[in-house]
Amino acid sequence: MRLTAAFLKLIRLPNLFFMALTQVLFQFCIFQTLYKGSIPDGDLTRFILLVLASLFIAAAGYVINDYFDINIDEVNKPQKMVVDKHIHRRWAIAWHFMLSTTGILLTAFALPFLKHWYIILANTACVALLWFYSTNFKRQLLTGNIIISLLTAWTILVIFFSKFSFGDAFDDSHHRFFRLAALYAGFAFIISLIREAIKDMEDMPGDAKHGCRTMPIVWGINATKVYVAVWLIVLLAILILLQVYVLQFRWWLAIAYNVPAVIFPLCVILWKLRSSHTTEDYHRLSTLTKLVMFTGILSMSFFYFYL
């Protein structure tokens, strides 16, 4: 039982649940609502296999990240370590390869190769990116942050691209589906950029000790705070403009949700950013940012009623 709990901690079960929830909401509240009566046969089976593929690939990424972060985690979060404390390094590598291979195979089973070869290739690239992120990219200025943010956005885009093949004609429903996919993928990308920079400030002691060149180490804490603040302001401006835009449709319930659940917490993060100085301060900001990711993704549920 202890080993099972350690394994679930290693693969970040809550994060995997959040990823699955994101894809489920996108499938059922946006795609199926837009395409009522015209959903192709077998779509649900393909979707389930694709979600499982995403979860296996993400779990493999968490495992290999912890494997290569043993020395850094001994400084930053020794109480949360799993690899080498509960699970042997050799087993961690074995689990990484088993989970990654299963994720790629599930992608291939989910989608016809000739029509969706690019998604199979993209998910294979995700496995490679997560490996090189853990070994190299996360220790470089901005590179790791951008990769993780792109992979977060891909969680939504992979479902979008699985519905079409190159050369398909786009009608009004397709265009609306694309806009909503771009909206939520863009939100996921920006909020991930913000959270990754905050986590870099939180993890600075261990990163500095082991030669990482993350943003707060290279640019300094103040410059990193400016970077985070700029992205927060950009995201807030986009979200506020969206609320103004949907006023014409009288989506009062969605606005009543988004303002206190998404926009207000972002304002709190921006306000508290300047006065944050300790690892605990940055950890609280990181947790609050993750909460905003969750509430932002939950807003997809409103499209079930409004589309």
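So what's Rg/Rh here for the stretch 210-278, counting alpha carbon atoms and using the Kirkwood radius for Rh?
Taking Rh as the inverse mean 1/r over Cα pairs, Rg/Rh reads 1.16.
Within the chain, helices built from complete DSSP H runs that reach 15 Å or longer along their own axis (Cα positions) and carry a mean Kyte-Doolittle hydropathy of -1.0 or higher are 13-25, 43-68, 89-110, 113-135, 143-162, 172-202, 221-246, 279-298. Each helix, a run of at least 4 DSSP H residues, gives -39500 (n - 2.57); summed and divided by the residues of the chain, these come to -24500 deg cm²/dmol at 222 nm. Across ALA256, ALA181, ALA197, mean-square fluctuation computed from a Gaussian network of the chain (C-alpha pairs under 10 Å connected) peaks at ALA256.
In the neighborhood of ILE30, defined by Cβ-to-Cβ distances under 14 Å, what is the net charge if each Lys or Arg adds +1 and each Asp or Glu adds -1?
In short, +3.
As a proxy for reagent exposure, ranking THR295, THR289 by other Cβ atoms within 10 Å from fewest up yields THR295, THR289. Geometric descriptor of the chain, per residue, is 138 Å³ (volume of the convex hull of the Cα atoms). The calculated Kirkwood hydrodynamic radius for the stretch 176-243 is 13.3 Å, given to one decimal from all distinct C-alpha pairs. The calculated pair-distance distribution of the stretch 253-292 uses every alpha carbon pair, bins of 10 angstrom beginning at 0, and gives 30, 48, 18, 4 percent. For the stretch 2-306, the Cβ-based charge dipole about the Cα centre amounts to some 340 debye (Lys, Arg positive; Asp, Glu negative; other atoms uncharged).
Applying a DSSP loop filter and a limit of 16 other Cβ atoms within 10 Å to the trypsin sites (Lys or Arg not before Pro) in the stretch 231-293 leaves ARG250, ARG274. Near ILE11: Cβ cut-off under 14 Å, other residues only, Lys/Arg at +1 and Asp/Glu at -1. The net charge is +2.
Values quoted throughout were computed directly from the atomic coordinates according to the rules given, and no laboratory measurement underlies them. The shown structure was predicted, so the numbers you read here are calculated from the model rather than taken from an experiment. Every residue, glycine among them, receives a Cβ derived from its backbone with ideal geometry; neighbour counts consider all protein chains shown.
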